[in-house]
Amino acid sequence: MGEANRRSASRAEILKSAKRCVYCSSTSATTIEHMPPRGMFEGKDRPSGWEFACCDRCNEGSRGSDAVAQLFALIEPISVSGWKGDQISRAMAAVRKQAPKVLSELSPLGKSRPVLLNRKGLLHEAVELKADGPATKAHLDVFAAKMAMATFATYIGRPMNMDGIIYTQWFLNRGMGQDAYHASLSIMPSFDELRQGRKTSGKQFHLHYNTDLSSLIVGLISFHGCLTVMLVASDGDEFRPTLDNMLQRMIGPHRPGSQLTEPGLPNLEFLRS
Ligand SMILES: [Zn+2]
């Protein structure tokens, strides 16, 4: 069987075995969702895996959020060239089309403040980008919630129940402190990445995680070392009250990339307004 046929067979298989959308309660899951999306990978060359049945609303409605996440995963403070430069331009065009408010929140490139950045003892001209506007947060929150539900479905083997809780926190440009990063890793002993034959996602996408294999997952996901998503997702009755209590204290202005949400991507419609 040719590669193309193998792929379409597995697509059909995924759609056939799914009872509902990986993100919401819709039983009309007729599209395939790749998480993370192909645009996150060099030349869109994405190892297979992490493909889910998804409804139209969730798949189409979160394209802008995928584009925003791709942009921040690829962009680095020091100007980049080669494949990353080209792909950043494409991600920028997608954001302009699908999430235009995000671009207006970023300091427009022409007006952004040039800074000198010390890397390995050398000073580089760099561009300071601010990413703290409400549209940027809304899109990255949707992307992070999708990532949490996709991670849950991958390791627990089913979509999250609709009464579950999801905590996510995202960090840009290595914005998570080294100490916090290593402290998080100590409670997440398992490591994974996408693998297809000899091809692996490596630095482009990898995660550390821990799960009870039944109703709880915690994870720390890195995209190109630039965008990091921390997640806690559970629909277990025994965990929810304690988690809810604990996670409520972890959201707020002191953690700007944080959110506490639920399955179903309730904010998708808000993104269009
Ligand atoms: Zn859906």
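The set of residues in region 234-273 being within 16 Å of the ligand (Cβ to nearest atom) and either in a helix (DSSP H, G or I) or aromatic (F, W, Y) (or both) consists of L268, E269, F270, L271, R272. Exactly one residue out of A135, A145, A180 is in contact with an Asp or Glu (Cβ under 7 Å, 6 or more places away or on another chain) and not in a loop (DSSP other than H, G, I, E, B), and it is A135.
Filtered by the rule that a residue be within 16 Å of the ligand (Cβ to nearest atom) and within 19 Å of T228 (Cα to Cα), region 38-62 gives a lone residue, S62.
Within region 32-46, the set of residues being open to solvent by 30 Å² or more (accessible area, probe 1.4 Å) and out of contact with any strand residue (DSSP E or B) (no Cβ under 7 Å at 6 or more places or on another chain) comprises R38, E42, G43, K44, D45.
The values are calculated or read from the model by the stated rules, or taken from the named source; none is laboratory data. What you are looking at is a predicted structure, and each value in this text was computed from that prediction instead of being measured. Glycine gets a Cβ as well: all are built from the backbone with ideal geometry, and neighbour counts include every protein chain shown. All accessible areas refer to the heavy atoms of the entire protein, side chains included, with ligands and DNA or RNA removed. Shrake-Rupley method; radii C 1.70, N 1.55, O 1.52, S 1.80 Å.
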